[in-house]
Structures are given as C-alpha cells and as structure tokens.
Amino acid sequence: MKNCNSILLFSLAGQAIGSPLLPRKDGVDVKHVAVFSIDGLHNSDIDKWLALGPSNISKLLGTGYRYTNAWATFPSDSFPGTLAPYTGATPRTTGVWYDDIWDRSFFAPGSGLVYDEGVDVDSTKLFTTIDPAKLPQALIKGQCTNIYPHMRPRVNTAFEVVVGKGLKTAYTDKHPSYDLVRGPSGKGLSTGYFPEIASTAGGVDATTAYDQLHVNAWLNWIEGKDIANAEGSLGGKVPTLFGGNFQAVSVGQKTAGYVKGSLAFTDGLKKAIKFVDDSLGLIIKKLEDKDMLTKTMIVIAPKHGQSPINPDKFGEVDPKLVTAATGVPVVWQTSDSIALIFLKDQKDLAKAVAGLQSQATALKISDIIYGDRLIKEFGDPSKDPAVPDIVVAPIPGIIYSTSKKKISEHGGLSEEDRHVGVLVSHPKLKKAVFEDKVFTTQVAPTILEALDLEAEELVGVKAEGTKALPGFDD
Ligand SMILES: *[C@@H]1O[C@H](CO)[C@@H](O)[C@H](O)[C@H]1NC(C)=O
C-alpha cells in the first residue's frame, strides 16, 4: 500500500515513519467514530472548496489526514459505496453490486432486485417503511423467503461488530432500504433513521432541507437522544459508531454542476457544499459542547463521485440501444454511467459481446469487460449469481439514460465516478496528506482499530486483505 511518496509526506508532516496511529498507543482514546458520506464529493472538490477560504472542512484537515488519491468501489453505485467503509469489501465479496440489479439466485420476476424507494410501503411519504410484499425472494433452507436489504450483503458490517460488543450504533440515509447496513444478522443498528428522499421535491434547496433531517439526527445522537420517526433506540447512550450521508452535493452536481470552461462550482453546487460544511461545523460544535471532540474520530468517506465534471463531456445514449446491440435475450440491464448486463442464456456471451463491439462507436463505448478479465477483477458470472455477464463502460461523461433532468451521474468505473474526497480528523492528529492510492474499503479497518476492536472481525476485511488507511496502518 505504501509508496515512496506517502512515506516522504508522512515524515514531512513531522511524525516518525512507522509511528503508530494516534489513539490507543498514544494514550488518546477514541470512544466514538462518526463517518459521513458527502455523496458525490470528488477529491478535486475539496481543493476547490479549500481555495474559497477557511471552512469547517479546512478546520477538520488542520488536525487530520487527507487522502488525495482515494477511490470508491466499482460499481460506484450508492449501495456498494455505502457498504465499502463498513464492510471493508467490494462487490465481489459483498455480492452487492447495485441498489437496482439482478441476481440469478433470486426470484423477482421482471422487476429485478430493486432496493430503492420501490420497496417502500408509500414512497410519497417522508416517513415510511419497507413493504415485505415488494421484496424479492430467495430460497433459504428450501423456504421462499423475503430478502430484506440487510440480507443482501454476504459479509458482516462494522455496525454488527460494534453492537456485538454491547455498544450503540446509529445510521441515517435516504431510503428505508438503507436497512442494508444492519448487515446479515439484521442487528447492526441500535437505531436507524431513514426519511424517504423520493418524497421530497428534488433540487438543491429541497435536498438541503432533507439533509437537515440527517443533521438533526446526528446532533441528537451526540446527546444520546433518539430522534422521532427512527427505528430502534439508543437507550439514552451516545453511539460508539454513527454515520450517514449528505445528499445535497450529489443533487447539486446532477442539477447545477460545474461552470463551463473554468469548472468552478456553480452557485447551486456551491450552496450545497456550503450547507454540508456548515453542518459539519454544527457537529464539531456539538461535540465540543459535550466534551466529546477529543474522543471522536470524524471520517469523511463519500460513497461515490459523479461524472462528468466538465459539462462539455456530458452525453446520453439510450440504454435500450445497448440492450438491443447484444442481439440476444437480456434478462436484466442496470444503466447509469455504466451498463451491467445479465444474459438470459450465458452461452450467448460471445455473440452479445460481438454485437456490442460492432456498435461501439454509436454507443460511445470505451470498454467491454467480460470473460477472463471480468472473472479476475470482479468475479465469475458462471459461479456467482450476483456478477453480471458483461460490463459496458462508456466514454467518461456519457450516461446510459434518456433523462432530461440530470447533467451527471455515477455508478461507473471512471475516475470522476470514483476519485473521491476522503479525510480522517481527530484533534490529536498532526495534519498530513497521503498521496498513495487508497480505497474507501480501508475506512472499515480504520474504524474498528481506532475503537480498539479487531478489524479481522470483519469477514470482508479478511477476505480482501483490506488494510487500515495509511497513517493508521502501523
Ligand atoms: C462552520 O460551521 C459553522 C456552523 O454552521 C458556521 O457558522 C461557520 O460559518 C462555518 N465556517 C467556518 C469557517 O467556521
């Protein structure tokens, strides 16, 4: 993981090479870890934001480690992006490729495995729950069983590890289906707060108002208080591990984006980032007031980036044309800044790939991943029912969509989809910048080790050999 660059930067920052992580061994006890995803936030967005003047993010970085070459999962969809920092694993291990996908071992005729607002009792209501009748099913011990989102990951989450020690956990995100982070046991969260974002108007203003609900939850949790309309309870205790997401920046990118030419933030996007920064300020202030700041490690780990940054690179291709180009029956296709194709008959692979290749220019395809390369990098579709047969990557900036509402999207494997802004802050850390390539999966062992728990209790960390982030990796 380390390279010469990082060692140089690390020593320049005034810490001995190989000096162990802050907390435990330096006598600083981390009692709480707060993990926030600023959905969509690129590493380059942090540079642009810092250039605009002092902020709460610059304050966090004043005693924090910044990772300037941090990558979200592939696919860079919200579901695998959410699981990465809590499982330490990528889709080949978690089995969770997308919120909206296929799995050959599931029964969800026609509609795929849709784990967004589509499984709500009523997605027009801010507070709703999962409707079991809308869930896909699978055979478990011969029984047809509803598969709740938390039953999807094949490996446990950091929330489950923490709860297993009798400690409290709390998480907030945009749909009830973020039940996902509870992990396979279903028990990972002491409390979960899932207002339905699909019930809101969209746009930056409605989304900051929505995100404020998450902020209110965090501010309550820091006081050990439950928030109304949440599932479960903290029982009066401050959570050891808590987190959630901000949606406003992602919506700002999709609707307002970056200025043509300069690639500066548009006013809409700047407003969204300012809201997030101010919210982080409120959290820092609350932690200070409660005398908790020196006991809390704050992590920013976005689920995904967004593509394109440059509006000149934006383009759309109708996903139906991609399906049609295969020339064979397709059972499912997930389409965003990527197309993930599941064939009805896997024997059609060569024909489907040839069809796609023959129309690569019209479909603005930059890469088709299948066969040995797919197996090596992402898993074997002939053995693993969750792995698509073909991954189609468009030229960066192209989205497989006909939506007229957005100017960027995520999900794919391009740099702008995945090169995100990651930092870890604690009052006792000496400011440092790490330039070596890291992944958001590395947040998971970093969380557990900071809490003096065993990172190897995470099955995904063991399976993928995931190391804590540089600076925390002894
Ligand atoms: C930080 O957050 C606080 C609270 O929202 C806000 O008042 C302040 O302007 C923000 N920025 C800086 C530089 O502290």
Cross-link reach from LYS320 to lysines, straight Cα distance under 20 Å and at least 8 residues apart if same chain, gives LYS344, LYS351, LYS364, LYS404, LYS405, LYS406
Just for the chain, what percent of DSSP beta bridges are antiparallel, to the closest 5?
-> 55
Please work out whether the range 141-210 counts as rounded, prolate or oblate from its C-alpha gyration tensor, where a ≥ b ≥ c are the square roots of the eigenvalues and a/c under 1.5 means rounded, while otherwise a/b larger than b/c means prolate and anything else oblate?
-> oblate
The range 34-82: translational diffusion in µm²/s, Stokes-Einstein, Kirkwood Rh over Cα pairs, 10 °C, 1.306 mPa s = 129
Which percent, to the nearest 5, of DSSP beta bridges fully inside the range 307-441 are antiparallel?
-> 80
Summarise the accessible area of the range 197-243 (1.4 Å probe, protein heavy atoms) by the percent that is carbon and sulfur.
-> 50
For the range 57-166, what is the per residue volume of the convex hull drawn over the alpha-carbon atoms, in cubic angstrom?
-> 178
Arrange the peptides 116-124, 313-321 so that the one whose residues have, on average, the most other Cβ atoms within 10 Å appears first.
-> 116-124, 313-321
For the range 326-377, with all protein chains present and a 1.4 Å probe, just round the carbon and sulfur fraction of the accessible area to a whole percent.
-> 51
Per-residue ellipticity at 222 nm for the chain, helices alone: DSSP H runs ≥ 4 residues times -39500 (n - 2.57), over residue total, nearest 500 deg cm²/dmol?
-> -8500 deg cm²/dmol
Kindly state, as a whole number, the per residue volume in cubic angstrom of the convex hull around the alpha carbon atoms of the range 241-375.
-> 165
Each residue of the range 324-341 in turn: what ³J(HN,Hα) in whole Hz from Karplus with 6.51, -1.76, 1.60 and θ = phi - 60°, glycine and Pro shown as x?
-> 5, 5, 5, x, 9, x, 10, 7, 6, 9, 8, 10, 8, 7, 6, 10, 10, 10
Hey, what's the per residue convex hull volume over the C-alpha atoms of the range 47-119, in cubic angstrom?
-> 145
Charge dipole of the chain built from unit charges on the beta carbon (Lys, Arg +1; Asp, Glu -1), centred at mean Cα; most positive-end Cα among TRP221, VAL433, GLY421 is VAL433
Relative to the longest principal axis of the chain, what angle (0 to 90°, nearest 10) does the C-alpha long axis of helix 203-222 take?
-> 50
If we count every other residue with Cβ under 14 angstrom of LEU219's Cβ, Lys/Arg +1 and Asp/Glu -1, where does the sum land?
-> -2
Of all alpha-carbon pairs in the range 82-146, indicate the percentage at a distance above 19 angstrom.
-> 44
Here the tail fraction of P(r) beyond 27 Å, over all Cα-Cα pairs of the range 91-229, rounds in percent to 24
Please report, to two decimal places, log10 I(q)/I(0) for the chain at q = 0.06, 0.08, 0.10, 0.13 Å⁻¹ as given by the Debye formula with identical point scatterers on the Cα atoms and no solvent.
-> -0.24, -0.44, -0.71, -1.24
Solvent-accessible heavy-atom area per residue, rounded to whole Å², over the chain at 1.4 Å = 38
Excluding residues on the same chain fewer than 8 positions from LYS271, give the lysines whose Cα lies under 17 Å from its Cα.
-> LYS48, LYS254
Dividing the alpha-carbon Rg of the range 319-474 by 2.2 N^0.38 Å yields what?
-> 1.30
Positive minus negative residues near VAL331 (Lys, Arg vs Asp, Glu; Cβ under 12 Å) | -2
Output the peptides 449-459, 353-363 sorted from most to least packed, where packing is the average of other Cβ atoms within 10 Å over each peptide's residues.
-> 449-459, 353-363
For the range 268-295 and the range 388-434, what is the separation of their Cα centres, given in Å?
-> 23
Order by protection proxy (mean Cβ within 10 Å, highest first), peptides 221-228, 64-71 = 64-71, 221-228
Over its Cα atoms, what ratio of radius of gyration to 2.2 N^0.38 Å does the range 404-474 give?
-> 1.36
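The values are calculated or read from the model by the stated rules, or taken from the named source; none is laboratory data. From a predicted model like this one, the values you see are computed outputs, not experimental measurements. No Cβ is skipped: glycine too gets one built from the backbone with ideal geometry, and neighbour counts run over all protein chains shown. In case anyone asks, the SASA skips ligands and DNA or RNA and just uses the protein heavy atoms, side chains included. Shrake-Rupley method; radii C 1.70, N 1.55, O 1.52, S 1.80 Å.
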